[in-house]
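First the structure, in the form of structure tokens, and then the observations on it.
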Amino acid sequence: MKKLLYILVMLMLIIVFCFVNYVFASADQDFSNTLVIAENEYPSSFDSVFADNTTVERTMALSYEALLRFNPSTNELEPWIASKWSTLENGKVFTFTLNQNITFHDGTDLTASDVKFTFDRMREIDQGIAYEFGSLYRVEVVDDYTVKFFLSEASIPFIKIIPKMYIISEEGVKANISDNDYAMTYLANHELGSGPYVLTSFAPEQQAIFSKYDNYWKGWEGNHVEKVIWQYIKESSTQRLLLEKGDVDIIMDPSPDDLNAFRDNSDIKLAEGTTFIEDYFHLRTTHKPLDDIRVRKALALAYDYDAHIAIVLGGSGTQAQGPISSSMIFHNNTLPITHQDMAKAKALLAEAGYPNGGFTFKLAYTGIGEQDQRTAVLFQSNLAELGITVDLMGMTWDYMFDMEQDENSEPDIYVEHFYSNSADPDSGLRDIYHSESRGTGSNASWYQNPKVDELLDSGIVEMDLVKREMDYKEIQKIIAEDVPSIFISNPKYIIAMRNYVNGYRYNPVNHECIFAYDIYLDEKP
Amino acid sequence: MLKFIIRRLLFMVFIMVGISILLFMIMYKLPGDPARTAAGIRAKPEQVESVRRQLGLDKPLHIQYLTYINNIFRGKLGTSVLTRKPVASELKVYVPASFELVLGAMLWVIFFGVPLGVFSALKPGKLVDIFSRFITALGMGMPVFWIGLIAQMFLYGKLNILPFGGRLSMGLIPPPNVTGLYTLDAIFMRDFNLFKDAFVHLLLPSFILALPELAFISRLTQNSMIEVLQMDYIIVARAKGLSEKRVVWIHALKNAFSAPMTMFSMQIGMLLGGTILVESIFSWGGLGYLIFQGILIRDFPMVMGGTLVITFVFMVSNLFADILYCYLDPRISY
């Protein structure tokens, strides 16, 4: 037992020695030009095919680039890897001319062959972002710096999805294929991009470190951060603590409860971005009594939208006006904005034969995360005033998606959100309200309207922008009148950062991405 | 003894097969579609079906199970639905992380919990006994999640004497993977700065993980010591003129030690399976959170692989406890 005591004393000495060293040594690292970002989820891959996953796309924004980028200031696409582009044959052929001085991190030149390879690989893997490029059937290399895209059918919105396809090194992929896996195993821990930052270290669940790529084609003149550290921290309370102490520069997941504390903190600022996101209650139009439009309208009048904005969104967002985000092009701003009106709701229910409510709905929401839970509870309490009982069903998103695909599934109402991958209204309206989307999960209300289908099918190939705008506004008007969904809100995207962080700009197409190349830091205290 | 060990090892195989069948059926019955998870939420139905075929999820359940078992015998635990990496290579990263946490917790229990129990038995009603009761109340009465967050806020947030979490300080690159334990791998690399950093990061999470066990073991040690100190042979030892130190640390503790140590050995597997809360609070990145995430996204291969590892460790620790008991008390034989 003496030995036990000696070991105990030794351990105590080691503990004291190490922690004294730690307290003094931890100041030695230089973070003056390093951007440290706290995030709650690490990327499952660095493969550009999975850019539909926001966690993966965040790393894309550092290490990869696309042919074009969406500029939120102008609402237009701007050149990136491609210096110019054109459309032929009424939106069936797209030609891109590439910049000539771009290299990948593996040292190879970025040419048209890499662009073709990226899209061919994506179509062969047929996962991730591939679903957005369903109409693309062939990519042709014209010369080293010119590439043509051929679509099976004309699609005006196609060009707007290009910013989501990040170009990958063909040689890099081919050198790292194992067991015919398209190098997916290699890309789980490595990247093969041409972007401004190189992934230098990745410890899953811990951190990812990106260092500046010295041969980046846009150069390093001016102010840019030189290193980016993504620190993976699960708890939002811990993220908040780190930000307040100045140990991280940006946190990606501030909870609504933290926002007010940050507003009162002079060292921290909030960066708000206007998104293309819309929050909904999708009402299963094939279930009684939701097949009665009067009941659906009554439910829409029952919800407390003001409380939703104040409590659920923490004040960061606006009430929705129709089925698409108010910031989306062709948004119909003549549509009425619904306000809570219990008297009108009761009158409508009475007209429908339910003067005292007297029925029960099952409401499904994703159980992880507070926002949907609060939304569901708020609606439950609102409907209780009408004599309607709501049974809440919290579940994982994939289980909820299964139920949305099944016409006979239990839930009558779904709390849902739509995140658009492009700056075009077509994907949101088509995915959620075209009759062909019934059974895919996106059209959770199982809505169908032949006029809406007709306008969507003609709108996607309409070259005349004025006509296209009129058609899409008409679509929104019809959907708003049919009330297959309650259009709740357009949330803003908020991150919190230290005051010395400059240059951040939210991009609604690359939601939650931080383009660190545009960011520079004042002197850190 | 050898026959006993061989019997137990064979029994372990039987248990592992049973657990794998049960787990397979539970995962299969859980709602949700792993093919959908892998393909992406907005993938078209035909894309989801293509992924389902790639992952072998279109085959009958018994074929899927037999394929899985066949692969285990060839050293393959399948491919993660989320990361698309072999499960075995993922476990090589995450299991050592949890193991390092558990090892740290074990050291806390042995070198802090046991002496605390001994001293509180020797000095009833005194400060050390009061402190021991406080630790017991804290460890057994308060949720780990709550204690962890409070400790983090106080020791990192207010006093800034310990890191918030993680296995290393921000910006430090982990050592090359030899054992997967950053402390040991840093020693192998002879990078003592990295060792110090990894060690200090281990202190708080391992203590929080150890707290319930520490409380339990210290209490058990205290009760065992009180019982043993009242035995006749202790009175004889004192009457013979042996020093109190020798009476307590040589004669009494050895006999009082067996119950707490065997109980603790059995708890090792449970410690490994219970790391998820500590890993979540301290952003540790270990097996517990990996399995939890796997359940949420229906990553069947990951959940199966991780759970089988925990099951295996649990059974080995039980076997070790039985062997240890035999060693500590020669009267016991199998």
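Nothing in this text is a laboratory measurement; each read-out follows from the coordinates by a stated rule. Everything numeric in this text was worked out from a predicted model, so none of it was measured. Cβ placement follows ideal geometry from the backbone for every residue including glycine, while neighbour counts extend to all protein chains displayed.
Summary table
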quantity	calculated
Exposure proxy ranking, count of Cβ atoms within 10 Å, fewest first, for A:313, B:229	B:229, A:313
Region B:89-328: C-alpha gyration tensor shape, a/c 1.5 cut-off, then a/b vs b/c	prolate
In Å, descending, principal axis extents of the Cα set of region A:278-492	50, 37, 34
Averaged over B:254-267, number of beta-carbon atoms from partner chains that fall within 10 Å	0
D_trans [Stokes-Einstein, Kirkwood Rh over alpha-carbon pairs] for region A:423-472, 37 °C, 0.692 mPa s, µm² s⁻¹	296
Extreme residue, positive dipole direction of the protein assembly as shown, given options A:99, B:27, A:43 (C-beta unit charges)	B:27
Kirkwood hydrodynamic radius (C-alpha pairs) into Stokes-Einstein, region B:2-73, 25 °C and 0.890 mPa s, D in µm²/s	171
Helical segments meeting 27 Å axial Cα length and Kyte-Doolittle 1.6 threshold in chain B (DSSP H)	B:2-29, B:300-328
Loop-located GluC sites (Glu not before Pro) in region A:124-218 whose Cβ has at most 14 other Cβ within 10 Å (DSSP)	A:153
At 0.692 mPa s and 37 °C, Stokes diffusion of chain A via Kirkwood alpha-carbon radius, µm² per second	130
Packing-based exposure ordering (other Cβ within 10 Å, fewest first) of A:45, A:437	A:437, A:45
Cα shape, region A:334-381, gyration tensor, a/c 1.5 rule	oblate
Residue order, fewest to most beta carbons within 10 Å, for A:220, A:85, A:397	A:220, A:85, A:397
For B:104-116, mean number of other protein chain Cβ atoms within 10 Å	2
Set of aspartates and glutamates with alpha-carbon distance to residue B:76 below 19 Å, sequence-local pairs under 8 removed	A:179, A:181, B:90, B:299
Under the Karplus curve 6.51 cos²θ - 1.76 cosθ + 1.60, θ = phi - 60°, whole-Hz ³J(HN,Hα) for region A:134-142, x wherever Gly or Pro sits	x, 7, 7, 10, 7, 10, 10, 8, 8
Region A:387-486: GluC sites (Glu not before Pro) in DSSP loop, at most 14 other beta carbons within 10 Å	A:407
Reachable lysines from residue A:269, criterion Cα separation under 21 angstrom, eight or more residues apart if same chain	A:245, A:492, A:524
Helix runs (DSSP H) in chain A reaching 24 Å along axis by Cα, Kyte-Doolittle at least -1.0	A:2-25, A:465-482
